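Worksheet for the structure shown next.
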Amino acid sequence: MSVRAYKIKKIASDPSFNCWHDEKIMDIADLSNYSDGGIINIQKEDAEILRDELLAEKKAGKLSDSDEITLDNIKQVIADCDEYGADYYCY
């Protein structure tokens, strides 16, 4: 079987969240291809669990300001996911 290679001319991206400041998201991220820059993967199931935990804290009135930002970020991560997860290029 033949596989053709294609030159990448442009990579389009939108910033999603700050890796250095969102520890809860980075705790669920697969960092096997990441070392001060690279690709991280976030599994959809893990993102949904984190979202549910943060929503429970919010309902109980225990959500901090930084966790409110994390909740917004994780909702976007879930929206970015295919059926398995989402990859992010970090630099």
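In the calculated pair distance distribution of the chain, what percentage of Cα-Cα distances lie above 16 Å? The partial results should precede the final answer.
Details: 2376 of 4095 pairs.
Above the 16 Å cut-off, the chain has 58 percent of its Cα pairs.
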Cα-Cα over 20 Å: which of LYS7/LYS44; LYS24/LYS58; LYS24/LYS62; LYS24/LYS44? LYS7/LYS44
Once Lys and Arg get +1 and Asp and Glu get -1 on their Cβ, which of ALA79, TYR89, ALA5 lies farthest toward the positive end of the dipole of the chain? ALA5
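List the trypsin sites (Lys or Arg not before Pro) in the range 1-65 that DSSP assigns to loop (not H, G, I, E or B) and whose Cβ has at most 13 other Cβ atoms within 10 Å. Which are they?
Working: sites: ARG4, LYS7, LYS9, LYS10, LYS24, LYS44, ARG51, LYS58, LYS59, LYS62; in loops: ARG4, LYS7, LYS9, LYS10, LYS62.
Hits after loop and neighbour filter: ARG4, LYS7, LYS9, LYS10, LYS62.
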Using only Cα atoms and rounding to the nearest 10 degrees, what angle (0 to 90) does helix 44-59 make with the longest principal axis of the chain? 20
Viscosity 0.890 mPa s, temperature 25 °C, Stokes-Einstein D of the range 41-90 from Kirkwood C-alpha radius, µm²/s: 220
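Values in this text are rule-based calculations from the coordinates and carry no lab data. Quick caveat, the model's predicted, so the values are computed rather than measured. Positions of Cβ are generated from backbone atoms using ideal geometry, with glycine treated the same way; all protein chains shown enter the neighbour counts.
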